[in-house]
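Visitor: Following this message is one structure expressed as structure tokens.
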Amino acid sequence: MLNEPTRQKLLAMKLNGMAEAYEEQCTQARMAELSFEERFAMLIERQWIWKENRSLAARLAYAQLKEPACVEDIDFRESRGLKRTVIDQLRSCDWIRYHQAVIVTGPTGTGKTYLACALAHLACREGYRAVYFYGPKLFRELAIAQVDGSLPKLFKKIAKAQLLVIDDWGMSKLDDQRYRDILEILDDRQGVGATLITSQFPVDHWHEAIPDPTVADAILDRLIHGSHRIELEGESMRKRKRKNA
């Protein structure tokens, strides 16, 4: 029988999806009723699906999202102030394609992180490379990278991502250098990458949190103008879940 050598050759060529489908075809008698073109199309389709799933898994591993979130599971309860039409607009991923920003603000527990991860997960599904950072952790990594000389490597990793997510912006006070690092990151992304930022603080308060007014102006200019704004409200969803438990 030539079935096993053929399967092994497919695996050697890293056509794993096709090899699995070929093995299944060899064990199903009804396959003999199909034409060569139909069977071959089924092999190609399985290989395509296998490759797409593998690529998605790699993009999700690179993104390191904090939560396994999906846009299909977003809570549109009226009390949150989140409009389905806004999310439907973002689901097209045109904002990523055109290198725009999304800013999500609201009190703690209103689902900012989940929403950010859901949009980043969708971006990965659509073939974009995303990377997630918890804000204070990103700033710590920038400080460490400055000391050990790996700052260019970290900048390169962030620049490679078509979507950068910074979660919980403004949670910690920073020195001027960290904000200058952020400015350089945002400057590198102008016209080539999209950015999503969540924060407990209204955008109107961001300027005063940055020590150098000139740097503050430059950062906000790159983030705010032309951005998509989502302002969540209401009671903490975590608190609500504890009440209902």
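Coordinate-derived values only; no laboratory data. The shown structure was predicted, so the numbers you read here are calculated from the model rather than taken from an experiment. Cβ coordinates were reconstructed from backbone atoms using ideal geometry, including for glycine residues, and neighbour counts include every protein chain displayed.
Visitor: Any idea what the relative contact order of the chain is, in percent, if you count C-alpha pairs under 8 Å spaced at least 6 apart?
Guide: Rounded, it is 25 percent for the chain.
Visitor: Which whole-angstrom value gives the distance between the alpha carbon centres of the stretch 25-48 and the stretch 51-97?
Guide: The distance from the Cα centre of the stretch 25-48 to that of the stretch 51-97 comes to 34 Å.
Visitor: Can you pull the percent of Cα pairs in the stretch 3-62 with separation above 17 Å?
Guide: 43 percent
Visitor: Estimate the FRET efficiency between CYS70 and HIS205 by the formula 1/(1 + (r/R0)^6), using the beta-carbon distance for r and 25 Å for R0, to the nearest 0.05.
Guide: Between CYS70 and HIS205 the formula returns 0.20.
Visitor: A further question on this structure: Between PHE36 and LYS157, what is the spin-label point distance in nm, taking each point 7 Å from the Cα along the Cα→C-beta axis?
Guide: Result: 5.1 nm between the two label points.
Visitor: Kindly state, to the nearest 0.05, the FRET efficiency for ASP175 paired with ILE224, given R0 = 30 Å and r defined as their beta-carbon distance.
Guide: Using R0 = 30 Å, I get an efficiency of 0.85.
Visitor: Can you give the helix-only mean residue ellipticity at 222 nm for the chain, where every DSSP H stretch with n ≥ 4 adds -39500 (n - 2.57) and the sum goes over all residues, rounded to the nearest 500 deg cm²/dmol?
Guide: -17500 deg cm²/dmol
Visitor: So if we plug the beta-carbon distance of ILE144 and THR85 into 1/(1 + (r/R0)^6) with R0 = 35 Å, what FRET efficiency do we get, rounded to 0.05?
Guide: 0.25
Visitor: Moving on. Less than 16 Å from a label point 7 Å out along the Cα-to-Cβ axis of LEU60: which backbone N atoms in the stretch 129-145 qualify, by residue?
Guide: 129-132
Visitor: Tell me the label only: which of (i) 39, 18, 17; (ii) 43, 23, 15; (iii) 28, 19, 18 is semi-axes √(5λ) of the Cα gyration tensor in Å as calculated from this structure?
Guide: It is the value labelled (ii).
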